[in-house]
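Comments concern the structure below.
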Amino acid sequence: MLAYVARRLLIAIPILFGISLIVFLMLHSAGGDPAVLMLGIHADPASVANLRHQLGLDRPLPVQYLDFLGHALQGDLGRSYRSNTPVTHEVLQRFPATVELAIAAMIIAVVIGFSMGTLAAVRRHSLFDYSSTLVALAGVSIPTFWLGLILIIVFGVWLGWLPISGRVDPRLGLSPNIHFVVLDALVHGNWPEFTDALKHLILPAITLAGWPAAIIARMTRASLIETLGHDYIRTARAKGLRDRTIVFGHAYRNALIPVLTVVGLEFGSLLGGAVVTETVFAWPGVGSLTISAIGDRDYQLVQGIVLLLGAVFITLNLIVDIVYALLDPRIRYG
Amino acid sequence: MSPSPLAPPALASAERFPLQRRQGRRFVFLRRYVANRGAVVGAIILWALIAWSAIGPFFVSDPVKQDILHRLARPSAAFWFGTDELGRDVFARVVNGGRISLASGLVSVLVGLVGGTIIGVVTGYIERWVGLVLMAVIDLLLALPAILLAITVAARLGIGLTSAMLAAGVVGLPAYARLARASTLAAKRQEYVDAARALGASDLRIMVRHILPNILTPLIVQSTIGVGNAILLVAALGFLGLGAQPPTPEWGRMLSDAQSYITAAPYLGIFPGLAIALTVLSFNLIGDGLRDALD
């Protein structure tokens, strides 16, 4: 098992380096001089040249990349061209909001996906099976931002039940140092803040959960149907075991291994893919930071965000692979 | 008269007539596809959307014509889907947006399909370090979430519909490259490739004339599903302000604009999204049907 983990780690490292190189080249070859961006278009050429020198932008690209890499390995992703604050600080300030949203979305997706997929597999060819298949197909066809808008229209505008933007009501005077708002309010027993934060979380979390819920439902159904066809399930039935025991006690163990992989991979995608949902609900996470950074042509910040999210995505994939190998010995001995 | 013992064994009719065999296979494929109700519904929706996008624009008003006197008008007999903040007919914009979304989906897939197939076939056929390095780069693109990669590429290429289409194409490219490579690795060990090589065919000719036609089927199925995803991605980039710019009646951009008027005119946020969902659903249904029929 250790050898397997070591092998997977060895593969992950060059991938991270590769991503850093691709992102660096892609964004550094984009138009727009950061020095002009920071000083304004009316700045005199001497000041621009001076700033370019200070930022190290007058050096050859390979030197700039190695410098960037050296600093990145020490956790320094440079400074934002716009705010001049460290990129790492800006990203880490916003990251908890994205994590909180992604975790809430994943919980919803897993509950809906597993229930729908399991019921559809157990009651194969029933009306529920066909309906859930259709719902799952709609889940992967509906654009996330449209689902968000519809939820806003129905639950925010027409019914007025839930807030449509932000993370918490500003009138509650939440401290900016609190990163995980829902968790913090729960731990400290601050119920007004907890309920308010939870209300703010519901619509974006459901929006973000739409796609992974559909994928998990489809995967659970397919995997469970395949497992229920195996000989050992037939043996269990022949022994007179109840359906519930067969499904949850016997079939689930094998059927859920590939589904867990999908759950892990989808969680990684949720962290990186929350951009759209965060934009719809003005959620102050990394996604909305990315969009504003692109709008400002703050490529230093964009580069840092993509690299950090890429690293998180790869790490999660690595964890999924290891968990998969732990659950299924055929993988690590394969 | 009994056949001579030295005569070759009688061939089944399908083996004697490869054309019939191919037609027979096509018939089986068609029968399986038609038996899949979802796939048929998907094909009907898609044809309706194509017809709507091709003919519709001739029967609706100018999608960019502003009519300030009728701004934010609710859906009515005069304006079926209402009007937007500049008094533009939303129905006319949704109808015209069909052309843009269908075209953007197709162009994106074409970019990914052509680029990915070339890379996949070359790396699969050559199998030397150049191919391995190229595939490692392709795998790197898969290591990032799709929307994040699309945003990065769109940021590099500049804001606009063309950039968004190319970005969606780049996001799809690795999947085609991997599929093409896997199919090429299997195809290059077939006897017909050895035969072509024995006849003196060049590597390029073998790749283009012999391998490519034999690996196209899975790529076409993959690209059908890919069109739906590409349309979603281009619309998402439009929604984020990185794709089509005003006054282009692109569905994602229309939803982005509708967001500012969500309380005053919620209907603005319904119809363009419904159009995207229907289009993507049709491609997904067709893609699922094609895959099931070919399995």
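The values are calculated or read from the model by the stated rules, or taken from the named source; none is laboratory data. The shown structure was predicted, so the numbers you read here are calculated from the model rather than taken from an experiment. Glycine gets a Cβ as well: all are built from the backbone with ideal geometry, and neighbour counts include every protein chain shown. Side chains included, ligands, DNA and RNA excluded: accessible areas come from the protein's heavy atoms. Shrake-Rupley method; radii C 1.70, N 1.55, O 1.52, S 1.80 Å.
Identify which of A:V154, A:V168, A:V259 has the largest mean-square fluctuation in a Gaussian network model of chain A, with springs joining Cα atoms closer than 10 Å.
Comparing A:V154, A:V168, A:V259 in a Gaussian network model of chain A, the most mobile one is A:V154.
With every protein chain present, what accessible area does A:D298 have (1.4 Å probe, heavy atoms only), rounded to the nearest 10 Å²?
0 Å²
Can you tell me the dipole magnitude for the stretch A:203-334 around its Cα centre, using point charges on the Cβ only (Lys, Arg +1; Asp, Glu -1), in Debye to the nearest 20?
Numbers: 11 positive and 9 negative charges, 168 e Å.
About 800 debye.
Relative contact order for chain B using alpha-carbon pairs under 8 Å, separation at least 6, rounded to a whole percent? Display every interim value, and only then the final one.
Details: 435 pairs, mean separation 73.0, N = 295.
Relative CO of chain B lands at 25 percent.
Which of the aspartates and glutamates could a cross-linker bridge to B:K188, judged by Cα under 16 Å and excluding same-chain residues fewer than eight apart?
Output for B:K188: B:E127, B:D203.
Among A:R79, A:R244, A:R52, which one moves the most in a GNM of chain A with springs linking Cα atoms closer than 10 Å?
A:R244
Explain nothing, just the number: dipole magnitude of the stretch A:95-327 about its Cα centre with +1 on each Lys and Arg Cβ and -1 on each Asp and Glu Cβ, in debye rounded to the nearest 20. Spell out each step's value before the answer.
Working: 14 positive and 14 negative charges, 207 e Å.
Charge dipole, the stretch A:95-327, about its Cα centre: 1000 debye, nearest 20.
When all alpha-carbon pairs of the protein assembly as shown are counted, what percent fall beyond 43 Å?
On the way: 57138 of 197506 pairs.
Tail fraction, whole percent: 29.
Assigning unit charges at the beta carbon (Lys, Arg +1; Asp, Glu -1) and nothing else, what dipole magnitude in debye, to the nearest 20, does the protein assembly as shown show about its Cα centre? It would help to have the intermediate numbers written out before the result.
Details: 48 positive and 37 negative charges, 466 e Å.
Computed about the Cα centre, the dipole is about 2240 debye.
For the stretch A:20-73, taking Cα atoms only, what is the radius of gyration to one decimal and the Dmax to the nearest whole Å?
Cα only, the stretch A:20-73: 12.1, 36 Å (Rg, Dmax).
Positive end of the dipole of the protein assembly as shown, charges at C-beta (+1 Lys, Arg; -1 Asp, Glu), about the Cα centre: which of A:L224, B:V28, B:G38 has its Cα farthest in that direction?
The residue sitting most towards the positive pole is B:V28.
If you wrap a convex hull around the alpha carbons of chain A, what volume per residue comes out, as a whole number of Å³? All intermediate terms of the calculation are to be shown ahead of the outcome.
Values: hull volume 62.2 nm³, N = 334.
Here the figure is 186 Å³ per residue.
Can you give me the Cα centroid spacing of the stretch B:40-114 and the stretch A:287-332 in angstrom?
36 Å
Rounded to the nearest Å, what's the spacing between the alpha carbon centres of the stretch A:1-48 and the stretch A:123-190? Just the number, please.
Each part reduced to its Cα centre gives a spacing of 34 Å.
Carbon-plus-sulfur fraction of the accessible area of the stretch A:95-327, 1.4 Å probe, in percent? All intermediate terms of the calculation are to be shown ahead of the outcome.
Numbers: 6780 of 10120 Å².
That share works out to 67 percent.
According to a simple spin-label model (label point 7 Å from Cα along Cα-to-Cβ), what is the distance in nm between A:W191 and A:R123?
Those two pseudo-labels are separated by 3.7 nm.
Tell me: how much accessible area in total is hidden between B and A, 1.4 Å probe, Å², nearest 100?
About 3400 Å² of accessible surface is lost on pairing.
Going by accessible area, probe 1.4 Å, with all protein chains left in place, what is the ranking of A:K199, B:K188, B:K65, A:K239, largest first? Spell out each step's value before the answer.
Working: A:K199 95, B:K188 35, B:K65 130, A:K239 150 Å².
Output order, biggest surface exposure first: A:K239, B:K65, A:K199, B:K188.
Pick from A:A205, A:A35, A:A43 the residue whose mean-square fluctuation is largest in a GNM of chain A, springs joining Cα atoms under 10 Å.
So, out of A:A205, A:A35, A:A43, the one fluctuating most is A:A43.
Rounding to the nearest 10 and keeping the result within 0 to 90°, find how far the Cα-based axis of helix B:90-126 lies from the longest principal axis of chain B.
Roughly 30 degrees, rounded to the nearest 10.
Would you work out if the stretch A:45-92 is rounded, prolate or oblate? Take a ≥ b ≥ c from the square roots of the eigenvalues of the alpha-carbon gyration tensor; rounded if a/c is under 1.5, else prolate when a/b is larger than b/c, oblate otherwise.
Details: a/c = 3.70, a/b = 1.30, b/c = 2.85.
Oblate.
Hey, what number do you get for chain A at 222 nm if only DSSP H runs of n ≥ 4 count, each worth -39500 (n - 2.57), divided across all residues, to the nearest 500?
Working: 15 runs with 240 residues, N = 334.
Helix-only estimate at 222 nm: -24000 deg cm²/dmol.
Out of A:I153, A:T207, A:T279, whose Cα points farthest toward the positive end of the dipole of chain A (charges: +1 Lys, Arg; -1 Asp, Glu; placed on Cβ)?
Farthest along the dipole direction, towards plus: A:T207.
Considering the Cα trace of the stretch B:27-294, what is its radius of gyration and what is Dmax, both in angstroms?
Rg and Dmax of the stretch B:27-294, Cα atoms, are 21.7, 76 Å.
Work from the charge dipole of chain A (Cβ charges, +1 for Lys and Arg, -1 for Asp and Glu, about the Cα centre) and give the residue of A:G117, A:I22, A:A43 farthest towards its positive end.
Positive-end residue among those listed: A:G117.
Measure out, as a whole number of angstrom, how far apart the alpha-carbon centroids of the stretch B:124-147 and the stretch B:187-242 sit.
Rounded to whole Å, the Cα centres lie 15 Å apart.
Using Cα atoms only, what is the angle between the long axis of helix A:286-295 and the major principal axis of chain A, expressed in degrees (0 to 90) to the nearest 10?
Roughly 40 degrees between the two axes.
Could you list which residues have their amide H under 5 Å from that of A:R79, counting only those 5 or more apart in sequence or on another chain, with H placed in the peptide plane?
A:V87
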